[in-house]
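The values are calculated or read from the model by the stated rules, or taken from the named source; none is laboratory data. Predicted, not measured: the structure shown is a model, and the values here were computed from it. Cβ placement follows ideal geometry from the backbone for every residue including glycine, while neighbour counts extend to all protein chains displayed.
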Amino acid sequence: MDYVADQPLLTASPALGRRALLRTGAMAAGTLMAGWALSALGGCHAGAAPRALRVALTGKGELDVRLLLKTAGIEPDFPIAFSYFESGHLIVEALNSGGIDFGGMSEIPPSFAAASTAQNLRQIAVLHGDVNNQAVIVPKNSPIRTLADLKGKKVGYVRATTAQYFLVRMLQSAGLSWSDIQPAAMSVADGAEAFARGSLDAWAIYGFPIQRAIATQDARVLSTARGFLSGNYIVAAHKDAIADPQRHDWIARYLHLHRRCLEWARTHQDQWAEAVSQDIGVPVDYVRAQFRGRSDYYTLLPVTPAAIASEQAVADVFAEQKLLPRKVDVAPLWDTSFNSVIAKEA
């Protein structure tokens, strides 16, 4: 495989405010990406196209496309430079700063991007999939039994992610507002540490940290995000990468590879569970249990009016909660130029 070496996981300090956090994320992503684009990719001069498609991944586990390619034995026929990020809002900042060409995130980070002046990303596809791997969990022996019991409690979450959104929606369903809890914005790593030492009454989180907490701390799922999230995850690219013929071709090929990988994972569940288990350090039985509990398999879908409306509904909720400075229109961020590629057989 024509890969560039792994890059560090990008994180942001939970002590920062939202504007500072996003600004710092942009600076960190831009600085780091500029550096490795010049070194690992062979020293591209300013304005030149990179010598590999610069792809962002979010952490480890089931959605790690690099792990999926390796496990499925699928060989790309074009150069890819992978870099790992902790959350989608950092991927959005890296896209906007030109540090990467391609990445995925939930519907939430682009909603915040739509309210900013930097809008260099374009949303080119939808990855529809599981929402049961996102949940509010509580420590074992916790007296919290219902969402209404969260009132007055300290709840950890990751800012500008699905965790913040489904937590807002869950509170609303219980007749509560954001001000009825003690929200604690923190990174995934800091949230895991805080939950483990008992500093949180509950934790709104996504992915395999849930399974780790269940496996190692007997944590309990209070509620999954089913019924609160659409299951739509955004596939995005930098507008200049879309406009560049070579990178446009690489993006199209990457989308094709991703579809092949997802089909392989769907038909090789046991083998994929073993690989994910080793990657994240969780007993395979817990991974298989999460696979069995899925709300849906992951599927790559084209841009549709329904997908745009789904993201707009998310942005509207954040605006209503005063978590966005104003109501925004997400439609200009979407690009349908890859729809025909996605429609082709994998």
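When region 51-75 is examined, which residues are found to be among the charged types (D, E, K, R) and more than 17 Å from GLU93 (Cα to Cα)? I'd like the intermediate steps shown before the answer.
Our first condition is that a residue be among the charged types (D, E, K, R); within region 51-75, this holds for 51, 54, 60, 62, 64, 66, 70, 75.
Listed by number, the residues that qualify are ARG51, LYS60, GLU62, ASP64, ARG66, LYS70, GLU75.
Got at least one residue in region 109-117 being touching a helix residue (DSSP H, G or I) at 6+ places or on another chain (Cβ under 7 Å) and of a type in the set (Val, Ile, Thr)?
no
Does ARG23 satisfy the condition of being in the same structural domain as ALA265 (by TED's automatic domain parsing), modelled with pLDDT of 60 or more and out of contact with any Pro (no Cβ under 7 Å at 6 or more places or on another chain)? So that I can check it myself, show each step before the final result.
Details: in the same structural domain as ALA265 (by TED's automatic domain parsing): yes; modelled with pLDDT of 60 or more: no; out of contact with any Pro (no Cβ under 7 Å at 6 or more places or on another chain): yes.
When the stated conditions are applied, ARG23 does not pass them.
Can you pull out every residue in region 231-243 that is in contact with a strand residue (DSSP E or B) (Cβ under 9 Å, 6 or more places away or on another chain) and either of a type outside the set (Phe, Trp, Tyr) or surrounded by fewer than 19 Cβ atoms within 10 Å (Cβ to Cβ) (or both)?
In the first step, residues of region 231-243 are kept if they are in contact with a strand residue (DSSP E or B) (Cβ under 9 Å, 6 or more places away or on another chain); the result is 231-239, 241-242.
Listed by number, the residues that qualify are GLY231, ASN232, ILE234, VAL235, ALA236, ALA237, HIS238, LYS239, ALA241, ILE242.
Can you spot a residue in region 109-116 that is modelled with pLDDT of 95 or more, over 11 Å from the mean Cα position of the chain (by Cα) and closer than 19 Å to ASP240 by Cα? I'd like the intermediate steps shown before the answer.
Initially, region 109-116 is screened for residues modelled with pLDDT of 95 or more, giving none.
No: zero hits.
If you take just the helices (runs of 4 or more DSSP H) that sit entirely in region 228-300, which of them hold at least 3 residues that are within 27 Å of SER111 (Cβ to Cβ)? If you could, list the steps in order and put the result at the bottom.
Details: elements: 239-243, 245-267, 269-280, 284-292.
The qualifying helices (runs of 4 or more DSSP H) are 239-243, 245-267.
Determine whether GLU311 is in contact with a Pro (Cβ under 8 Å, 6 or more places away or on another chain) and in contact (Cβ under 8 Å) with a residue 60 or more places away in the chain. Working first, answer last.
On the way: in contact with a Pro (Cβ under 8 Å, 6 or more places away or on another chain): yes; in contact (Cβ under 8 Å) with a residue 60 or more places away in the chain: yes.
Criteria met by GLU311.
Among the residues of region 124-182, write down those that are assigned to a strand (DSSP E or B) and without any contact (Cβ under 8 Å) to a residue 40 or more places away in the chain.
Residues of region 124-182 that are assigned to a strand (DSSP E or B), as a first pass: 124-128, 134-138, 154-157, 182.
Listed by number, the list holds a single entry, GLN182.
Return yes when ILE214 is of a type outside the set (Lys, Arg), at pLDDT below 95 and surrounded by 17 or more Cβ atoms within 10 Å (Cβ to Cβ) and no when it is not. Walk me through how you get there before you give the answer.
Details: of a type outside the set (Lys, Arg): yes; at pLDDT below 95: yes; surrounded by 17 or more Cβ atoms within 10 Å (Cβ to Cβ): yes.
So ILE214 fits the description; yes.
I'm checking my understanding of the structure. Among residues of region 271-294 that are of a type in the set (S, T, N, Q) and touching a residue at least 40 places away in the same chain (Cβ under 8 Å), which one is farthest from ASP130 (Cα to Cα)?
Taking region 271-294 as the starting set, the residues that turn out to be of a type in the set (S, T, N, Q) are 271, 277-278, 290.
Subset that is touching a residue at least 40 places away in the same chain (Cβ under 8 Å): 271, 290.
Working: GLN271: 19, GLN290: 10 Å.
Ranking the candidates gives GLN271 first.
Among the numbered criteria (1) surrounded by fewer than 22 Cβ atoms within 10 Å (Cβ to Cβ); (2) touching a residue at least 12 places away in the same chain (Cβ under 8 Å), which one does TRP250 miss?
TRP250 satisfies all of (1) surrounded by fewer than 22 Cβ atoms within 10 Å (Cβ to Cβ); (2) touching a residue at least 12 places away in the same chain (Cβ under 8 Å) except (1).
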